[in-house]
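Everything below concerns the one structure shown next.
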Amino acid sequence: MRTLGSIVRERREQLGLTLRGLAELVKNPLRNGHIAPQYLQDIERDRRGPSPAILRGIAAAIGFDADFLGAASGQVPDAVSTYLRAHPEEAPTIRALFERAQRDGFINWDGIATGSRAMKAAG
């Protein structure tokens, strides 16, 4: 299984960036500056998990989707957490859905998204 760290490190190397080079591309919202190369190295070695804001900065700097990197780090996409906050009673159903999909080897998530759009257009 690929980790957030391995994904970021592989992409950074593909882009020909050093740790310092990538760190300089990622703003630190808690400071007036960028993240430290050591912090980025800790992320790449899976010793630290970035905040959602830092994760979005890393994603933008390496040209990846922030939700993709968030999922690799175990962070739930904002839309999912917002839905579950509004409908906490649905959490067991959502969990069961994903457990069944995993058990059955389901991978056609694009088909679900396309189908739901088609249903909305038809309705």
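Listing for the model above:
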read-out: Kirkwood hydrodynamic radius (C-alpha pairs) into Stokes-Einstein, the chain, 37 °C and 0.692 mPa s, D in µm²/s; value: 198
read-out: Spin-label model distance (nm) - F106 vs F64, 7 Å beyond Cα toward Cβ; value: 2.6
read-out: 20 Å cut-off, amide nitrogen to a point 7 angstrom out along S6 Cα→Cβ, residues in region 35-52; value: 40-50
read-out: Carbon and sulfur %, accessible surface of the chain computed with the full protein complex present, 1.4 Å; value: 55
read-out: CD proxy at 222 nm, helix term only [per DSSP H run n ≥ 4: -39500 (n - 2.57); per residue of the chain; nearest 500]; value: -19000 deg cm²/dmol
read-out: Among V8, P88, N28 the positive-end extreme of the charge dipole of the chain (Cβ point charges); value: N28
read-out: Accessible area (Å², per residue) of the chain, counting only protein heavy atoms and a probe of 1.4 Å; value: 70
read-out: Euclidean distance of C-alpha centroids, region 1-38 and region 62-90, integer Å; value: 21
read-out: Using alpha-carbon coordinates, inclination of helix 52-62 to the longest axis of the chain, degrees; value: 70
read-out: Length released on extending from E24 to F98, taking residue separation times 0.36 nm less the Cα-Cα span; value: 22.9 nm
read-out: On Cα atoms only, tilt of 4-14 relative to the major axis of the chain in degrees; value: 60
read-out: The chain: angle of helix 109-122 to the longest principal axis, Cα-based, in degrees nearest 10; value: 50
read-out: At R0 = 25 Å, FRET efficiency that the Cβ-Cβ distance of Q41 and D78 yields, to 0.05; value: 0.40
read-out: Amide proton proximity set for N28, modelled H, under 5 Å, gap of 5+; value: G33, H34, I35
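The values are calculated or read from the model by the stated rules, or taken from the named source; none is laboratory data. Since the structure is predicted, the reported quantities are computational estimates derived from the model, not experimental observations. A quick note on method: Cβ atoms are made from the backbone with ideal geometry, for glycine too, and the neighbour counts reach across all protein chains shown. What goes into the accessible areas is simple: the full protein's heavy atoms, side chains included, and nothing from ligands, DNA or RNA. Shrake-Rupley method; radii C 1.70, N 1.55, O 1.52, S 1.80 Å.
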